[in-house]
1. Output the helices (runs of 4 or more DSSP H) that fall wholly within the stretch 175-289 and possess 1 or more residues being free of Cβ contacts under 8 Å to residues at least 60 places away in the same chain and of a type in the set (Lys, Arg), or say none.
2. With the structure loaded, tell me whether residue 436 is out of contact with any Asp or Glu (no Cβ under 9 Å at 6 or more places or on another chain), closer than 22 Å to residue 475 by Cα, assigned to a loop (DSSP other than H, G, I, E, B) and polar (S, T, N, Q) or whether it fails that test.
3. List the pairs whose first member sits in the stretch 503-532 and is in the same structural domain as residue 446 (by TED's automatic domain parsing), whose second member is assigned to a helix (DSSP H, G or I) and modelled with pLDDT under 95, and whose Cβ atoms are under 9 Å apart, counting only residues at least 6 apart or on separate chains?
4. Give the stretch 346-373 a look and list any residue that's crowded, with 19+ Cβ neighbours inside 10 Å and either touching a Phe, Trp or Tyr at 6+ places or on another chain (Cβ under 7 Å) or part of a loop (DSSP other than H, G, I, E, B) (or both), or say none.
5. Filtering the stretch 217-234 down to residues that are hydroxyl-bearing (Ser, Thr, Tyr) and touching a Gly at 6+ places or on another chain (Cβ under 7 Å), which residue is farthest from residue 271 (Cα to Cα)?
6. So in the stretch 109-154, with the set limited to residues that are surrounded by 15 or more Cβ atoms within 10 Å (Cβ to Cβ) and of a type in the set (S, T, N, Q), which one is farthest from residue 63 (Cα to Cα)?
7. Assuming residue 71 fulfils every condition listed in (1) more than 20 Å from residue 156 (Cβ to Cβ); (2) hydroxyl-bearing (Ser, Thr, Tyr); (3) in contact with a helix residue (DSSP H, G or I) (Cβ under 9 Å, 6 or more places away or on another chain); (4) at pLDDT 95 or above apart from one, which condition is it?
8. Residue check: is residue 101 over 21 Å from residue 275 (Cα atoms), in contact (Cβ under 8 Å) with a residue 60 or more places away in the chain, over 20 Å from the mean Cα position of the chain (by Cα) and outside any strand (DSSP E or B)?
Amino acid sequence: MSHAPDEQLLPAATQAENLATSKLALRRVAIDTYRENVAYLHRDCAVYRAEGFQALSKVEVRANGRHILATLNVVDDPAIVACHELGLSEDAFLQLGVNAGHRVSVAQAEPPESIGALHRKITGERLNRDDFRAIIRDIAELHYSKIELSAFVVATNRNELDREEVYFLAEAMVASGRKLDWREPLVVDKHCIGGIPGNRTSMLVVPIVAANGMLCPKTSSRAITSPAGTADTMEVLANVELPFDRLEGIVREHRGCLAWGSSAQLSPADDVLISVERPLAVDSPGQMVASILSKKIAAGSTHLVLDIPIGPSAKVRSMPEAQRLRRLFEYVAGRIHLSLDVVITDGRQPVGNGIGPVLEARDVMRVLENDPRAPADLRQKSLRLAGRLIECDSDVRGGDGFAIARDILDSGRALAKMKAIIAAQGQKPFDHNHPQLGALTFDVFATSPGLVTGIDNLQMARVARLAGAPKVIGAGVDLFRKLGEAVASGDILYRVYAGFQSDLAFARQACAKSTGYTIGRSDEVPQVFVEF
């Protein structure tokens, strides 16, 4: 029985080199690693031993002239990956773009070019335009591991970015992806900095201004620290993962959309950063400004109305803090040539009644249908924001926008436009009169009489998330009482919906520690600061 010619006579170094360049069979490992490429090698794999790989090191995988970088995980179970195979996580497998079983090569990866700039930021140094462009390019191309991403997020949070750095970051984020050009002088958008549960005004503003003939390509993120983002709630009604060409076609035909920005590759580095900001619950002012404005520029917007809510448990808790944030937004927006109108709104409590995707979609549809059960605060705030956008049109006199928006909503034109957008994006079955809510519930009651003097936004969002939102779309919190309303002892304050017993138990424990409601006297209701 013969062996490969002279194989046993080759020097050990040459044998290792041959092993390192040999091909492995690609295996699709059905694990969602969320925005991180992960490769899997068996500990007894000859290539693993020859290359001297270590767990969590970066490797380069090549096949058919294509390559990706991935973080290496080492396994001992051949049921996950055999010695002759290389496994790839779902995202990584799709990016490489070859079939399972295809022969691939794997080698040590060079460190990202921007790693030096990252290390300097970690030590607190100020970075320049080229530094941020290099870092964001490497992030968008998935050259950073989750550990390196976390280091960048924490470093830019702890060592607060100056306003020039925020501009550089926003500019780099725009450059990392595609940019829409509508070839129109007026392209409008509305955005809220977040932190207020149930604040689904965008889903009302878009159909109102689109029905008025204005171009409004609304691309939104999914929830970062909230129980639902605009994209999560719109997904109850329609498909939000729209490829670039389809999104463009829908907007041109219907003058608006409500889509998830990531699927159209608009500022893709931002979505990668969000993948670590979410579990860290980090949302620093500099990153927030760069994230929001980069998405708007990438979507082709020329005019933006920005909502900054103020309240005791909002992201922004005082007027001086709101004004500082406003100035930062205005500075960066001016540098990137975006016309910005900042409005400071009531953030003392959740907006609307529902918190969670299905409950929020119910509220939106009730407002659009002029249903008497529609939450008045959601309707009123949406009309005011839509009015501000309508006044971006030089033909509309200042102060007339609200009445125009109200007429569009009351006449049913906004509802017709929303239905057209939903149909174009791909309608999903939803009956807002009988929404599919979580089957498991419990109610929270007032323990003393008086007036509702406080509703903790953070606690209500936490309860809704513990109940399963936004992952379980029917989970969340339905509010029965708002600020200033009188309650008697034993009156229901809100109902919690969950899909699983464990989620229900977590939410119940949180409510037992704090209901999130304060009952007191009328003079204890916090003052509201608004600029409408």
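The values are calculated or read from the model by the stated rules, or taken from the named source; none is laboratory data. Remember, predicted model here, so these are calculated numbers, not experimental data. Here the Cβ positions follow ideal geometry from the backbone for every residue, glycine too, while neighbour counts run over all protein chains shown.
1. Fully inside the stretch 175-289 and qualifying: 244-254, 268-280.
2. Details: out of contact with any Asp or Glu (no Cβ under 9 Å at 6 or more places or on another chain): yes; closer than 22 Å to residue 475 by Cα: yes; assigned to a loop (DSSP other than H, G, I, E, B): yes; polar (S, T, N, Q): yes.
Yes: the conditions hold for residue 436.
3. Matching pairs, first to second residue: 518/524.
4. 347, 348, 349, 350, 351, 352, 353, 356, 361
5. Applying the first criterion (hydroxyl-bearing (Ser, Thr, Tyr)) to the stretch 217-234 yields 219-221, 225-226, 230, 233.
Subsequent filtering for residues that are touching a Gly at 6+ places or on another chain (Cβ under 7 Å) retains 219-221, 226.
On the way: 219: 12, 220: 11, 221: 8, 226: 16 Å.
Ranking the candidates gives 226 first.
6. So, considering only residues that are surrounded by 15 or more Cβ atoms within 10 Å (Cβ to Cβ) and of a type in the set (S, T, N, Q), the one farthest from residue 63 (Cα to Cα) is 150.
7. The number of the failed condition is (4).
8. On the way: over 21 Å from residue 275 (Cα atoms): yes; in contact (Cβ under 8 Å) with a residue 60 or more places away in the chain: yes; over 20 Å from the mean Cα position of the chain (by Cα): yes; outside any strand (DSSP E or B): yes.
Judged against the criteria, residue 101 is a match.
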